[in-house]
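Heads up, the thing below is written out as structure tokens.
The values are calculated or read from the model by the stated rules, or taken from the named source; none is laboratory data. What you are looking at is a predicted structure, and each value in this text was computed from that prediction instead of being measured. Here the Cβ is made from the backbone with ideal geometry for all residues, glycine too, and neighbour counts use every protein chain on show. Calculation scope for accessible area: heavy atoms of the full protein, side chains included, ligands and nucleic acids excluded. Shrake-Rupley method; radii C 1.70, N 1.55, O 1.52, S 1.80 Å.
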Amino acid sequence: MKSIKSVYKIGSGPSSSHTVGPYRAAKKIRGRYPEADAFRVTLYGSLAYTGMGHGTGKAVRAVIPQAEIIFDYEKKDLPHPNTMLFEAFRDGKIIGSTRVFSIGGGSIQIGNEASDEEKDIYPQKTFSEMLAACRQDGISLKQFIYEKEDPSLQEDLRVVWNAMKDAVSRGLKTEGILPGGLGITRKAKLLYEKRCYNESADVTMNRVIAAYAYAVCEENADENIVVTAPTCGSCGVLPAVMYYMNKERGFPENEILDALAVSALIGNVIRTNASISGAECGCQAEIGSACSMTAAALASLWGLNNDQIEYAAEIAMEHNLGLTCDPVKGLVQIPCIERNAVAAMRAISSVNLSRFLYSTRKISFDDVVATMYRTGKDMNEKYRETSHGGLAQIYAQ
């Protein structure tokens, strides 16, 4: 399995698969054909169906200003639902053609080439294998990660954490209408400031964490800088809970960074054995993964043992199974922003259950990841980020 570093990517919203991935692909292809004077980029599948709302063409043209963008809504039997074809021209003649897949979380696969991510550093592939290695050596998941990763990991995580905090901070201060035509008003500032006179401590916590999640997701929807955690569409869950634990509960930054490492390990297992792409497996692969990662991070932060961390991650994923990806008008706004806030609460509940019930569990984390992947593959295409079904279809009426 590859380094956890590539789980977190810092980039512009609103979609890791539809903006960060295509942007990175355009940079790669532009570099391969420096002599080209023209490019044609054809978008297929989910990239075609929701690329207009997600700003895919804009992301490509940020690198290749003269690119001709074609949205192909007809081609079927694609090797991946997020497929792009880059064609390079010189003096009107084609000099190169490369197919690229945006496989989720901003990661790309160029044809049949080896992945552009970090090299494999974990001999284990499943979470069960990692737990077994931890038991054998008598170490925590955190220690396991730092033994495998290079010494720069914590500094890389610090950069990620700073970007997450910046997104929360900006989002809490900004008001106005989000772009895209839905007329969605930013709500993070209102949520953060509007306290009820008889508000309990639990209500305050839920309101503030929801405000943090809204803040990040509204920044994402406004095409500002966020961190894939593991995607742009699910970028608000993990920062919301970690920001609360740091700012309101006083957990120091070094412990937050360790929790982010454990969270990334969970995300890494999911993308290795299943998918974090909404276009491939529905929103269960995005919000479900983010919820699972956040539950693991919080359990680790609270000092729970490896089995409790696994159970928290498993509960969080299990109760997002079957979640559809049906963005209204192809925008990462409805139901995406609110869904991040709800997932943050669910992650906390998952940890609370795991603390007491982990010894009674029957389902492993690997089992629920495999189930999520099969469920996603069985899911009707219209519920996998095409905006052809669910809320996207009903709202359009």
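Do you know which of the residues in the range 351-382 that are of a type in the set (Val, Ile, Thr) and more than 22 Å from ASN273 (Cα to Cα) is least open to solvent (accessible area, probe 1.4 Å)? Ranking the candidates gives VAL351 first. Among the residues of the range 172-189, the ones that are in contact with a strand residue (DSSP E or B) (Cβ under 9 Å, 6 or more places away or on another chain) and either of a type in the set (Asp, Glu) or assigned to a helix (DSSP H, G or I) (or both) come to 1 in all. Going through the range 61-94 one residue at a time, which ones are small (Gly, Ala, Ser) and under 10 Å from ARG40 (Cβ atoms)? If the condition is that a residue be small (Gly, Ala, Ser) and under 10 Å from ARG40 (Cβ atoms), then ALA67, ALA88 are the ones that fit.
Assessment of the range 35-45 against the conditions (acidic (Asp, Glu), farther than 19 Å from CYS283 by Cα and either in a strand (DSSP E or B) or in contact with a Leu (Cβ under 6 Å, 6 or more places away or on another chain) (or both)) yields no matching residue. Scan the range 2-56 for residues that are in contact (Cβ under 8 Å) with a residue 12 or more places away in the chain and open to solvent by 20 Å² or more (accessible area, probe 1.4 Å) and the total you get is 20. Just one of (1) at pLDDT 95 or above; (2) open to solvent by 10 Å² or more (accessible area, probe 1.4 Å); (3) of a type in the set (Asp, Glu) fails for ASP202. It is (1).
Conditions (1) in contact with a Gly (Cβ under 9 Å, 6 or more places away or on another chain); (2) without any contact (Cβ under 8 Å) to a residue 40 or more places away in the chain; (3) on the phi > 0 side of the Ramachandran plot, marked per residue:
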residue: GLY303; (1), (2), (3): no, yes, yes
residue: GLU314; (1), (2), (3): no, no, no
residue: HIS319; (1), (2), (3): yes, yes, no
residue: LEU323; (1), (2), (3): yes, no, no
residue: LEU357; (1), (2), (3): no, no, no
residue: ARG361; (1), (2), (3): no, no, no
residue: GLY390; (1), (2), (3): no, no, yes
residue: ILE394; (1), (2), (3): no, yes, no
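Residues are listed down the side, and each one gets a yes or a no for (1) in a strand (DSSP E or B); (2) open to solvent by less than 10 Å² (accessible area, probe 1.4 Å); (3) within 30 Å of PRO14 (Cα to Cα):
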| site | (1), (2), (3) |
| --- | --- |
| ILE95 | yes, no, no |
| GLN143 | no, no, no |
| GLU147 | no, no, no |
| GLN154 | no, no, yes |
| LYS165 | no, no, yes |
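Scan the range 205-230 residue by residue and report those that are aromatic (Phe, Trp, Tyr) and open to solvent by 10 Å² or more (accessible area, probe 1.4 Å). Answer for the range 205-230, where residues must be aromatic (Phe, Trp, Tyr) and open to solvent by 10 Å² or more (accessible area, probe 1.4 Å): just TYR214. Output yes when any residue across the range 61-71 is in contact with a Leu (Cβ under 8 Å, 6 or more places away or on another chain) and not aliphatic (A, V, I, L, M), and no when none is. Among the residues of the range 61-71, at least one is in contact with a Leu (Cβ under 8 Å, 6 or more places away or on another chain) and not aliphatic (A, V, I, L, M), which makes the answer yes. Restricting GLY31, GLY92, GLY96, GLY51 to those that are modelled with pLDDT of 90 or more and under 23 Å from GLU381 (Cα atoms) reduces the list to GLY51. Of the residues that sit in the range 383-397 and are within 18 Å of MET52 (Cβ to Cβ) and either of a type in the set (Phe, Trp, Tyr) or under 20 Å from the mean Cα position of the chain (by Cα) (or both), which one is surrounded by the fewest Cβ atoms within 10 Å (Cβ to Cβ)? In this case the residue turns out to be TYR395. Residues of the range 105-138 that are among the aliphatic types (A, V, I, L, M), open to solvent by 30 Å² or more (accessible area, probe 1.4 Å) and either outside any helix (DSSP H, G or I) or closer than 28 Å to VAL226 by Cα (or both): ALA114, ILE121. In the range 339-350, of all residues being of a type outside the set (Gly, Ala, Ser) and within 15 Å of the chain's Cα centre (by Cα), the one that is surrounded by the most Cβ atoms within 10 Å (Cβ to Cβ) corresponds to ASN340.
Could you go through the range 371-386 and let me know if any residue there is part of a helix (DSSP H, G or I), hydrophobic (A, V, I, L, M, F, W, C) and at pLDDT 95 or above.
Taking every residue of the range 371-386 in turn, at least one turns out to be part of a helix (DSSP H, G or I), hydrophobic (A, V, I, L, M, F, W, C) and at pLDDT 95 or above.
Filtered by the rule that a residue be part of a helix (DSSP H, G or I), in contact with a Pro (Cβ under 9 Å, 6 or more places away or on another chain) and modelled with pLDDT under 95, the range 1-16 gives a lone residue, SER16. Any residue at all in the range 308-319 that's at pLDDT 95 or above, closer than 30 Å to LEU78 by Cα and in a helix (DSSP H, G or I)? Looking for residues that are at pLDDT 95 or above, closer than 30 Å to LEU78 by Cα and in a helix (DSSP H, G or I), one finds at least one in the range 308-319, hence yes.
Contact map, the range 175-192: residues that are touching a residue at least 40 places away in the same chain (Cβ under 8 Å) and open to solvent by 70 Å² or more (accessible area, probe 1.4 Å) paired with residues that are part of a loop (DSSP other than H, G, I, E, B) and small (Gly, Ala, Ser), Cβ distance under 8 Å, separation 6+ or inter-chain. No pairs are found.
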